[in-house]
Each structure stands twice: as C-alpha cells, then as structure tokens.
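Structure first, then comments.
The values are calculated or read from the model by the stated rules, or taken from the named source; none is laboratory data. The model shown is predicted, which means the values in this text are computed figures rather than measured ones. With ideal geometry, Cβ positions are generated from the backbone for all residues, glycine too; neighbour counts draw on all protein chains shown. Remember, those area values only see protein heavy atoms, side chains included, never the ligands or the DNA or RNA. Shrake-Rupley method; radii C 1.70, N 1.55, O 1.52, S 1.80 Å.
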Amino acid sequence: MRNSIDELVLARFISAIEAEVAATGIKLEMRSDFDQLACLNPELGKLPVTPMFDPYRSIVGPSNGFWLQGTDIFGEVVHTQAIRFDRLEDVTLDQHMRSMRNFYAAPAAAPSAGEVLHVRTPVSQQITGRVCYHGELWFRGGRGGFRGQGLEKSLPKLAMALAYARWKP
C-alpha cells in the first residue's frame with residue numbers, strides 16, 4: 001500500500017512541475033541520444049559535454065541515462081540537463097569518481113596525462129549502491145531567455161524525480 005502512495009505522490013509532483021514548465025511555453029522532451037547532446041552543446045555556445053555524459057568517452061545511453069531538452073514556441077532549444085545512473089555495489093562513490101571509470105569507459109578514451117579528480121565531499125566515502133548524477137544544466141539567457149524565472153529550481157527537481165521513478169537510486 002505504501003509503495004502505491006509513494007508512486008502517486010511522485011506522479012503528482014512530476015505532473016505539477018511539467019505543468020509549471022508548460023505554462024512558460026517550454027516543451028520538454030526526454031531523450032537518450034547522448035551523441036545528439038554532444039553535438040548540440042557547441043551549437044548552443046556551450047562547452048563540450050562533460051566526459052560522464054559524452055558517449056565518445058564513456059558508456060552512456062538509454063540503459064543508464066537520459067537528458068531533457070526544452071524548446072520554446074519557435075522550436076529553439078532553450079534548456080538542457082542530463083542524468084546518469086550507475087550501480088556502485090562494490091565501490092564507494094569516492095573510489096568510483098577517483099577511478100574516472102564513469103568519465104573514460106569507452107575503449108578509445110583515456111584520461112590525459114596528469115588528469116586527476118578531487119572528491120571533496122566526505123560523505124562520498126560512504127555512498128554505495130544505486131547512484132544518479134545530474135549535470136549539463138543550461139538555460140538560454142538574454143532577451144527571450146528563461147533564466148531567473150524559477151525554472152532553475154524546478155527543472156532539476158523534475159529530472160531527479162524522473163530518475164527516481166526509473167531507477168530508484
């Protein structure tokens with residue numbers, strides 16, 4: 001019984017945020033084609049995607065990730081963000097991040113000489129199991145942009161709620 005109540009609360013939460021976003025004129029689409037995200041970033045004037053979301057460097061796709069694309073009424077991309085899921089049953093988040101496995105898992109990719117990752121969160125030494133990462137958060141700014149309208153608080157919550165519904169991290 002408790003599980004179905006939790007699922008109902010989660011569904012209502014997701015619906016409320018989707019309605020809030022739709023009211024701004026943004027149409028959201030859930031995607032898993034990370035190669036498209038990698039190509040889109042330069043078109044939007046953004047830096048390249050981080051390695052954990054780059055399908056040419058790491059293993060990320062429909063089974064362990066998704067990204068949200070928001071378009072305005074003209075079909076122009078005005079928002080992106082990504083989620084990645086990993087199972088860390090035998091290592092802590094700290095060990096996993098320091099190993100850079102989630103950054104360079106593709107056979108042709110490898111860290112640059114001297115590249116290291118510093119994990120400064122002590123709790124990462126205790127986190128194991130089903131883990132989701134959130135990143136690539138972007139809103140178009142400037143005239144006609146969507147920054148400063150509260151969506152920077154709502155849309156990450158939506159992404160994490162969708163991740164929770166899918167993977168129960």
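Near L88, the amide H atoms lying under 5 Å from its own belong to G129, R130, V131; only residues 5 or more places off or on other chains count, and H is placed 1.01 Å from N. Sequentially through the range 55-72, phi angles give Karplus couplings (6.51, -1.76, 1.60; θ = phi - 60°) of x, 8, 10, 9, 8, 9, x, x, 7, 9, x, 7, 9, 9, 10, x, 10, 8 Hz, Gly and Pro residues having no value and appearing as x. In this Cβ point-charge picture (+1 for Lys and Arg, -1 for Asp and Glu), the range 38-150 has a dipole of about 180 debye about its Cα centre. Cα gyration tensor of the range 1-71, axes a ≥ b ≥ c as square roots of the eigenvalues: rounded (a/c below 1.5), prolate (a/b > b/c) or oblate? Here the range 1-71 falls in the oblate category. The mean accessible area for residues of the chain, using a 1.4 Å probe and ignoring ligands and nucleic acids, is 57 Å² per residue.
Among 55-61, 161-167, the peptide with the highest mean count of other Cβ atoms within 10 Å heads the list, and the full ranking is 55-61, 161-167. Under 27 Å between alpha carbons, and skipping anything fewer than 8 positions from K46 in its own chain: which lysines qualify? The reachable lysines, counting only those whose Cα sits under 27 Å from K46, are K27, K153, K157. Across the chain, the relative contact order, built from alpha-carbon pairs under 8 Å that are at least six residues apart, equals 24 percent.
Across the accessible surface of the chain, with the other protein chains kept in place and a 1.4 Å probe, carbon and sulfur atoms take up 55 percent. Neighbours of D86 by Cβ distance under 11 Å: Lys/Arg scored +1, Asp/Glu scored -1, total +3.
Labels on offer are (i) 1.03; (ii) 1.10; (iii) 0.99, and the one holding Rg/Rh (Cα atoms, Kirkwood Rh) computed from this structure is (iii).
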